[in-house]
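Student: Here it is, the structure, as structure tokens.
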């Protein structure tokens, strides 16, 4: 058996810089990768197209699940609330309620069907901007729960939630992805990217990304709306 | 302020006997109830109509979220796999991968938006038929995780997952619901009910339900396809 087809992993893929790097890391570790993208009604629709392009570039399988989180409201990423252009204190309005919990749960369902014991998610505790569901203690508690939730938890296989970026700065993420050949021009991080995936350059996510390329000493391939 | 409007609860409602009883219990405890029904592509579509009828009968608010779990496959409840008519060993084919994990995660998102600290789910460890995500240790782990996942977990309010049926026999559930005035004729438990909500009478769920009414000494209002 080819080593690269031995172990399956489900990789949560948003189409942004971080999750593209995670997909490259999981692929490099020898996993056969099943990328899961969630169409949750995000205003930045080009993110979904970016997820397709990234998956193709790494020869992974992609599944996109529709789940309209706008039904619950409560976030600038899904509602008609302005995305802030200034740095904010505490939990930002771009927080989507229970988003990582929901996405990990969908990944868990797919992992169970695929008989995959490994799930990868690109959460980051350094640049996490105050999102509670990006903290290591959340991930640990999720893994505990997941092992009780599923057939795996009953039959004895241990399911592992991998967070290879959790302690990395944005610059270190970019350096690692660049070394693995990630084409960051395909990724979209901006909370209000236009239909062609061009970034606004002013939202939290754009500011963190641009500073990351600068700190990494890597040329920024991001296409901006004003460029 | 009217006591009944003081505290909000999100109640997972399938349209079956158990969750209808849970909605009655939460209402009786004085919660203002927000019922959440998930259209996950279940073959027994009349369950969704039952959820509407049950919610109306108890004057709760209902939200139905579409999430097509057929995309993952792996269950007789969503796939074209025969529902068994004999009692089965171990985890049955009617198990939907990570279903309760996913549904609790959606309830968590709504609870966070509503600023509700209470979620009710009708899991039952007695008649749970081998589903791993109906065990008390799963619920406890979920509650731990949920308190780390959300703004509530950061600001200090404790979120509680209520499982009022977890130790009850089906007969005791029916007795309690009957005392609270639940109209079980509105509920659909059958895994392969027809469009009018009439039950097959032979699947696991039908057998457990019928035995429950008999053991409770309560007249069974279930409408059967052969009747």
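Student: Taking other Cβ within 10 Å of each residue's Cβ, how do B:10, A:126 sort, fewest first?
Tutor: A:126, B:10
Student: Still on this structure, please answer the following. Based on the alpha-carbon set only, what is the convex hull volume of the range A:159-214 divided per residue, in Å³?
Tutor: Numbers: hull volume 6.6 nm³, N = 56.
Each residue corresponds to 117 Å³ of Cα convex hull volume.
Student: Let me ask something else. 7 Å along Cα→Cβ for the label point: how many nanometres lie between residue A:157 and each equivalent label in the other copies, listed shortest first?
Tutor: 3.9
Student: Hey, for a label at residue A:6 modelled as a point 7 Å past Cα toward Cβ, could you say which residues of the range A:109-123 have their backbone N under 15 Å away?
Tutor: A:117-118
Student: Run through the other copies and list how far each one's label point is from that of residue B:218, in nm with one decimal, shortest first; the point sits 7 Å from Cα along Cα-Cβ.
Tutor: Output for residue B:218: 6.1 nm, nearest copy listed first.
Student: Run the simple label-point estimate for residue B:29 and residue B:45 please: 7 Å along Cα→C-beta, distance reported in nm.
Tutor: Each label point lies 7 Å from its Cα, and together they span 3.5 nm.
Student: Can you compute the FRET efficiency between residue B:223 and residue B:68 using 1/(1 + (r/R0)^6), with r the Cβ-Cβ distance and R0 = 25 Å? Round to the nearest 0.05.
Tutor: The formula returns an efficiency of 0.35 here.
Student: Copy-to-copy spacing for residue A:64, label 7 Å out on the Cα-to-C-beta vector, in nm, shortest first?
Tutor: 2.6
Read-outs throughout are calculated quantities, based only on the coordinates presented, and are distinct from any laboratory measurement. Just so it is clear, the model here is predicted, and its values are computed rather than measured. Every residue, glycine as well, gets a Cβ built from its backbone with ideal geometry; the counts of neighbours run over all protein chains shown.
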